[in-house]
1. Count, please, the residues in the stretch B:27-42 that happen to be within 12 Å of another protein chain (Cβ to nearest Cβ), outside any strand (DSSP E or B) and among the small types (Gly, Ala, Ser).
2. Can you give me the number of residues within the stretch B:1-11 that are away from every other protein chain (no Cβ under 12 Å) and assigned to a loop (DSSP other than H, G, I, E, B)?
3. If I filter the stretch B:12-22 for residues that are under 14 Å from B:Leu88 (Cα atoms), within 11 Å of chain A (Cβ to nearest Cβ) and either open to solvent by less than 10 Å² (accessible area, probe 1.4 Å) or at pLDDT 95 or above (or both), do I get at least one hit?
4. Looking for whichever is hydroxyl-bearing (Ser, Thr, Tyr) and over 15 Å from the mean Cα position of the chain (by Cα) here; the options are B:Tyr101, B:Tyr33. Which one fits?
5. Provide a single number: the residues in the stretch A:6-45 that are within 14 Å of another protein chain (Cβ to nearest Cβ), assigned to a strand (DSSP E or B) and open to solvent by 50 Å² or more (accessible area, probe 1.4 Å).
6. Filter the stretch B:83-110 down to the residues that are open to solvent by less than 10 Å² (accessible area, probe 1.4 Å), polar (S, T, N, Q) and either at positive phi or more than 8 Å from every other protein chain (Cβ to nearest Cβ) (or both) and list them by number.
7. Quick check, is B:Leu74 within 23 Å of A:Ala84 (Cβ to Cβ), at pLDDT 95 or above and away from every other protein chain (no Cβ under 11 Å)?
Amino acid sequence: DAKTTQPTSMDCAEGRAANLPCNHSTISGNEYVYWYRQIHSQGPQYIIHGLKNNETNEMASLIITEDRKSSTLILPHATLRDTAVYYCIVRDPTSGSRLTFGEGTQLTVNP
Amino acid sequence: DTEVTQTPKHLVMGMTNKKSLKCEQHMGHRAMYWYKQKAKKPPELMFVYSYEKLSINESVPSRFSPECPNSSLLNLHLHALQPEDSALYLCATAGQSIGSYEQYFGPGTRLTVT
């Protein structure tokens, strides 16, 4: 599975959009981009995933560049409860079941 | 029901003890996972069960012994652990192990080995 690069930490003001970038320049055609987050002392939580097209659900939006070498997770109106470590993971779902977590981005939402 | 439960929440054990961690799901998922997470590090995959059969063992030491007695339960048997095995142990489930299924994680068991 392709390696991802994320900033170590980011800050965001409450109520503003949080835009979390992820670089996956070696992504291959079968690989999806997944986002999970982990609030302190809890298990990781699935957020969203996509292959090529932009995706939106009740939690977030996922924007994938046309060349698929990078993506951005958008939390449209961040709240204090969105403070967490956000993991961007690239995975080929047909090749096996591994979710390989990188170091992730610590997002801190400030009041 | 989209919940994965894990018991106990906390466990302290000595190096000569035998203990077990338990994970339960009622979502009808056919893939179940054990992860280990050290402090301030990302989760690391340990084992994968698919349709109640062990499909992946990430070279985990034999002092960790997984068991999947039925499609709803996943156990991790612990024996002769070392202090460096202290960590958060996470269970996860997914519809299947192959495919773009999201994984649902339990809250974890925080293990301390003394």
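1. So the answer is 1.
2. As a first pass, look at the stretch B:1-11 and keep what is away from every other protein chain (no Cβ under 12 Å): B:1, B:7-8, B:11.
So of that shortlist, the ones also assigned to a loop (DSSP other than H, G, I, E, B) come out as B:1, B:8.
Result for the stretch B:1-11: 2.
3. No, the stretch B:12-22 has no match at all.
4. That would be B:Tyr101, the only listed residue that is hydroxyl-bearing (Ser, Thr, Tyr) and over 15 Å from the mean Cα position of the chain (by Cα).
5. 3
6. Selection gives B:Thr93, B:Thr109.
7. no
Table: residues versus (1) in contact (Cβ under 8 Å) with a residue 12 or more places away in the chain; (2) of a type in the set (D, E, K, R).
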{"residue": "B:Thr5", "(1), (2)": "yes, no"}
{"residue": "B:Lys9", "(1), (2)": "yes, yes"}
{"residue": "B:Lys18", "(1), (2)": "yes, yes"}
{"residue": "B:Cys23", "(1), (2)": "yes, no"}
{"residue": "B:Lys38", "(1), (2)": "yes, yes"}
{"residue": "B:Pro42", "(1), (2)": "no, no"}
{"residue": "B:Val60", "(1), (2)": "yes, no"}
{"residue": "B:Ser65", "(1), (2)": "yes, no"}
{"residue": "B:Ser97", "(1), (2)": "yes, no"}
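The values are calculated or read from the model by the stated rules, or taken from the named source; none is laboratory data. If you're wondering where the values come from, they're calculated on a predicted model, not measured in any experiment. As a convention, Cβ positions derive from the backbone with ideal geometry for all residues, glycine included, and neighbour counts pool all protein chains shown. Accessible surface areas use protein heavy atoms only, side chains included; no ligands, DNA or RNA. Shrake-Rupley method; radii C 1.70, N 1.55, O 1.52, S 1.80 Å.
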